[in-house]
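Below is one structure, written out as structure tokens, with a few remarks after it.
Every number here is computed from the coordinates shown, using simple stated rules; none is lab data. This one's a predicted model, so the numbers in the text were calculated from it and none came from an experiment. As a convention, Cβ positions derive from the backbone with ideal geometry for all residues, glycine included, and neighbour counts pool all protein chains shown.
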């Protein structure tokens, strides 16, 4: 069989183009390892995100230059430029914590976050089962409402609300109290509540498949507006599970019943009781009176006899 030289030439060209494409792709696109790095922070072991995916979408760097603890065990998350490519950072817990109060404390001025960046503190199951506190201007420089309380999907009316946020200094605390009946968002500074929202809508969901998440990322993958690396610090994370009051009735403690000790009276006590007893039957009174009369009669007779003897001697 004769080989068509034209087809052979086309086949060689196609092979060369395919190989060139693979080489070009390997040089221009970052290579990511599997998400195997973890970091211990605030008593929990967090998985560090890597790869290219949402939100954004973004490139996610899991190296110790983007996600690390400082000497005081505070967590640092960075958006940074690495080899001419911008990367975001994220950590999450592998398992659900369930209903309770989630609390983050940060010394970063989250009211002055870069226009193109987002700091997210949230619980995530999927894109329609998510509870967020986010700090962002969403790429709009004139946007003043940088504090966002959201229950996904955000497109549902009433599921998201945004507020202006002005901090007097860096440190602030942000809480999500999650129950089956409501989700209470709040923001605090210097012991004062400066933001709050109570969500009671229908998109509250049952925990079990969600995870606690913290991320620092670029809106639509756009680099920071400042053109420089950005960094936020999380001082601590705390979770307090919802306490379940006991329904077991409490039985009051009863004092033990004290039975009087009864003892038989002694012979002396019986005699005293008999002498002091004014309730004796009448027959005893009659008997005593008769005995007295007999004694008096005997004495009288004795005196009479002695008187007669005396007269006789005289």
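The table for this structure:
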| quantity | calculated |
| --- | --- |
| In range of the label at residue 223: residues from the range 80-111 whose backbone nitrogen is under 16 Å from the point 7 Å along Cα→Cβ | 80-88 |
| Relative contact order computed over the range 31-241 (Cα-Cα under 8 Å; 6+ residues apart), in percent | 28 percent |
| Rg in Å to one decimal, and Dmax rounded to a whole Å, for the range 57-175 via C-alpha atoms | 15.1, 44 |
| Label-point separation in nm, residue 308 to residue 138, each point 7 Å along Cα→Cβ | 14.5 nm |
| For peptides 151-163, 113-125, sequence by mean Cβ density within 10 Å, most packed first | 113-125, 151-163 |
| Where only C-alpha atoms are counted, convex hull volume of the range 31-241 per residue in Å³ | 121 Å³ |
| Order by protection proxy (mean Cβ within 10 Å, highest first), peptides 165-174, 68-77 | 165-174, 68-77 |
| Projected area averaged over orientations for the range 121-249, convex hull of C-alpha atoms, nm² | 10.4 nm² |
